[in-house]
Amino acid sequence: MADVSLGGAPQNVAGIQSSYMAQVQRRRLYGGLTLLILVVLMVSGFNVADDRNAGGFWEGLHQIGDYPADVVSEAWAKRADLPGLIAKYFPALVETINIAAVSTLIGALAGLILSLLSTRGLAKWPRLIPLFRRFSDIMRAVPEIVIALVLIFVLGGGPVPAMIAIAIHTAGALGKLFSEVAENADLKPVEGLASTGATWSQRMLLGVLPQVAPNYVSYALLRFEINIRASAILGFVGAGGLGYELRNAMAWGPGRFDEAAAIFILLFGTIVFFDQLSSHYRNRLTEGQAQ
Amino acid sequence: MTTADLSLEKHNADTLFRRKRLLGFAIPAVILVYLGYIFFAFDLPGLAQRANLQNAVTLASDSWSHKVHVTRNNRTGEVSYAVEGERKGTYPEGTRPDWVSGEEVITIDLGGDHIVRYLPENRTEIDIPDFPLIEVQAEGRSLLSNLPEDLPEWISASERRIGITTPEGRITLTGARTEVFNYFPGWELFWFTLDSPYHGKGFGEILFGERIDPERGNFAGALQDWWTNKMWRHQDVAWAIGETILMAFLGTMGAAILALPLAFLAAKRFSPLMLLRAATRRIFDFVRGVDALIWTVVLARAFGPGPLTGTLAILITDTGTFGKIFSEALENVDQKQIEGVESTGAKPLQRYRFGVIPQVVPVLLAQILYFLESNTRSATIIGAITGGGIGLMLTQAIQTQKDWEEVAYYIVLIILMVMFMDWFSGWLRGKLIGRKD
């Protein structure tokens with residue numbers, strides 16, 4: 001009925017109907033235009049991307065299965081070696097997971113501090129809230145690869161540059177999510193603690209953290225999942241771990257496809273395993289909260 | 001309550017407290033032990049040796065400064081002047097920087113009373129305050145100099161090569177050529193290269209002054225020369241950023257379009273066939289689990305390097321993610337609206353369109369827009385692997401280890417691009433589904 005009152009309250013049914021129809025038509029027109037713009041953008045974007053690609057989409061489409069088929073057939077032919085190769089690359093996998101785990105730990109800790117400092121009502125220095133927010137925005141905006149590549153130049157290859165790069169991004173991303181949770185925290189325990197003369201860190205540790213911990217852990221687990229993928233990708237640009245081994249195996253080309261296959265299997269298995277694990281625990285955490 | 005009951009309660013509470021206290025200490029202890037293990041697993045003690053502080057200094061100083069090379073070819077006696085020693089930064093014939101003077105004897109004033117003189121017959125004089133005049137004669141492939149035996153640490157000398165590093169600039173001498181590097185702050189030639197008539201002209205002069213190039217209007221000409229600047233390649237950079245955003249946009253939108261119908265198949269509400277549901281979910285899990293990295297590698301074999309490969313890698317991975325999120329959203333829709341639409345005699349398709357879609361659109365749009373921003377970052381990384389967009393330019397600039405000011409420029413642009421996409425997706429979300437926060 002809101003339509004009627006908006007349309008200057010025509011009294012008769014025909015008036016109501018016509019103004020309603022006009023409104024519907026206008027909405028359809030806008031919806032259609034938006035859709036049209038989206039379609040035009042997508043089609044022209046696709047053409048641009050297709051033009052600037054080395055191989056075209058339509059020529060490449062039927063080759064899409066060639067490489068996986070080669071890898072699978074070669075891996076199948078040498079299937080006896082596969083367990084050995086998986087064992088060989090297992091340390092690289094551990095490194096990839098370690099990078100993700102440490103960067104999540106450090107990033108979550110930094111994100112925790114950032115979030116408390118940038119939440120209204122909790123911040124130690126309320127005037128600096130915008131500063132800390134911008135700070136975590138910038139940390140979030142820098143893609144991991146930028147920091148990783150620069151640090152690889154300075155520190156040399158290996159897991160440390162990737163760890164620092166992912167930790168910085170994690171701190172920014174979690175800082176934002178954490179602060180959204182902390183905004184909804186009940187301030188009464190904090191006030192109670194303040195009345196006993198507790199310091200800021202005591203108020204946060206005893207008054208806020210117990211309230212937000214389930215959500216924080218849940219977000220950190222989700223981030224861990226994302227960071228495993230990121231750490232594998234960063235390996236590909238020289239930061240160690242499974243991605244690095246994959247690049248080397250790819251560079252050797254045919255004849256070593258069994259190594260690539262072993263790495264694919266390890267990576268796939270790890271990602272699926274940690275996805276399931278983290279979603280299981282996240283469900284438990286959020287269910288526990290609802291009760 | 002009897003006393004026995006109370007003591008039992010107390011006992012239980014005590015156990016609970018003890019367990020909590022133990023846990024409170026155990027978790028930090030485990031984390032500490034893990035970090036200790038990482039300390040050695042990542043070889044942090046050895047990092048100090050592997051770290052190259054010289055690289056860090058080069059990076060920090062080069063990213064905001066540039067150097068001008070003055071090079072004498074000792075075979076031909078020719079002297080050339082070039083920004084960063086690059087051909088595209090060479091001073092045109094007959095021009096040179098104003099801190100160089102002389103014809104027969106070329107005097108290079110590095111500032112701070114540091115003066116280098118190129119004398120005829122491949123002789124060089126280097127005048128540094130508080131140090132005796134250095135004279136070097138290049139003969140064939142070797143150098144004769146008057147340098148003393150015990151040298152300060154800013155001079156390195158052998159029979160073939162002498163290197164002198166001063167706060168004002170660097171000098172290297174070999175038999176084949178003599179080079180002086182003079183450092184200046186700022187990104188040189190960012191606007192116009194030396195061959196452009198607009199080089200060295202102020203903004204006001206270009207916009208409001210007399211016509212500089214008789215064939216072109218000032219504004220159009222300046223814009224064209226800036227756009228085609230060979231040193232900074234603004235045109236290519238703009239294209240690269242466009243490619244990266246295009247990858248993110250096409251990948252995200254394509255994934256959303258693909259995932260929506262599939263999500264119906266995976267949702268318990270709408271897909272009565274258990275087998276179909278399970279199969280669709282496994283497909284989602286599979287494409288998500290394979291991960292963008294492997295998809296990029298596999299697709300690059302079929303489509304070659306370029307933005308299309310990156311687009312498809314994002315599209316495929318995100319189809320899995322979107323499928324999962326969308327199907328969860330679809331399972332949580334309110335049945336009442338669907339029933340209401342059904343009571344008007346709507347067919348199944350109309351029930352979906354008017355009963356379901358309006359309920360899930362806000363969730364879907366929020367997710368799509370969030371992924372649009374996050375995929376801009378992914379596209380940068382994928383571009384570095386598959387060879388497209390700003391990610392590739394950044395990787396190349398870092399790997400050549402030469403133009404750190406270009407690296408700094410790309411990094412600034414990437415951060416601005418991601419922040420812009422963040423702002424844009426937030427703005428669009430506010431417009432489309434109302435601001436939540």
Exercise for the section: Of the numbered conditions (1) more than 7 Å from chain B (Cβ to nearest Cβ); (2) β-branched (Val, Ile, Thr); (3) surrounded by fewer than 22 Cβ atoms within 10 Å (Cβ to Cβ), A:Val154 fails exactly one; give the number of that condition. Expected result: (1)
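Conditions tested, residue by residue: (1) within 30 Å of A:Glu95 (Cβ to Cβ); (2) in contact (Cβ under 8 Å) with a residue 24 or more places away in the chain; (3) surrounded by 12 or more Cβ atoms within 10 Å (Cβ to Cβ); (4) under 25 Å from the mean Cα position of the chain (by Cα).
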{"position": "B:Ala48", "(1), (2), (3), (4)": "yes, no, no, no"}
{"position": "B:Leu59", "(1), (2), (3), (4)": "yes, yes, yes, yes"}
{"position": "B:His66", "(1), (2), (3), (4)": "no, yes, yes, yes"}
{"position": "B:Tyr91", "(1), (2), (3), (4)": "no, yes, yes, no"}
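Conditions tested, residue by residue: (1) among the β-branched types (Val, Ile, Thr); (2) part of a loop (DSSP other than H, G, I, E, B); (3) at pLDDT 90 or above; (4) closer than 27 Å to B:Asp291 by Cα.
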| residue | (1), (2), (3), (4) |
| --- | --- |
| B:Glu342 | no, no, no, no |
| B:Gly345 | no, yes, no, no |
| B:Leu349 | no, no, no, no |
| B:Tyr352 | no, no, no, no |
| B:Ala366 | no, no, no, yes |
| B:Tyr370 | no, no, no, yes |
| B:Thr380 | yes, no, yes, yes |
| B:Ala384 | no, no, no, yes |
Problem - Qualifying position, being more than 10 Å from chain B (Cβ to nearest Cβ), in contact (Cβ under 8 Å) with a residue 40 or more places away in the chain, outside any loop (DSSP other than H, G, I, E, B) and under 22 Å from A:Ile99 (Cβ atoms), among A:Ala182, A:Ala148, A:Ala171 - result: A:Ala171
Practice task
Please work out which one of (1) surrounded by 13 or more Cβ atoms within 10 Å (Cβ to Cβ); (2) within 11 Å of another protein chain (Cβ to nearest Cβ); (3) of a type in the set (A, V, I, L, M) is the condition A:Ala69 fails and give its number.
Solution key: (1)
Exercise for the section: All but one of (1) surrounded by fewer than 12 Cβ atoms within 10 Å (Cβ to Cβ); (2) under 23 Å from B:Ser80 (Cα atoms); (3) touching a strand residue (DSSP E or B) at 6+ places or on another chain (Cβ under 6 Å) hold for B:Val105, so report the exception by its number. Expected result: (1)
Practice task
Sort through A:Leu209, A:Leu177, A:Leu222 and tell me the only one that's out of contact with any Ser or Thr (no Cβ under 6 Å at 6 or more places or on another chain), closer than 16 Å to A:Lys124 by Cα and part of a helix (DSSP H, G or I).
Solution key: A:Leu209
Exercise for the section: Output the residues belonging to region B:160-191 that are part of a strand (DSSP E or B) and either among the small types (Gly, Ala, Ser) or farther than 11 Å from B:His69 by Cα (or both). Expected result: B:Arg161, B:Ile162, B:Gly163, B:Ile164, B:Thr165, B:Thr166, B:Gly169, B:Leu173, B:Thr174, B:Arg177, B:Phe184, B:Pro185
Practice task
Output yes when any residue across region A:258-277 is assigned to a helix (DSSP H, G or I), of a type in the set (Asp, Glu), in contact with an Asp or Glu (Cβ under 7 Å, 6 or more places away or on another chain) and within 8 Å of another protein chain (Cβ to nearest Cβ), and no when none is.
Solution key: yes
Completion exercise
Scanning region B:403-418 residue by residue, the ones that are within 7 Å of chain A (Cβ to nearest Cβ) and either of a type in the set (Gly, Ala, Ser) or buried (at least 18 other Cβ atoms within 10 Å of the Cβ) (or both) total 3
Fill in the blank from the handout: Among helices (runs of 4 or more DSSP H) completely within region B:1-69, the ones holding 1 or more residues that are in contact with a strand residue (DSSP E or B) (Cβ under 9 Å, 6 or more places away or on another chain) are B:53-62
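The values are calculated or read from the model by the stated rules, or taken from the named source; none is laboratory data. None of the values given here were measured: they were computed from a predicted structure. Ideal geometry is used to build each Cβ from the backbone, glycine not excepted, and the neighbour counts take in all protein chains shown.
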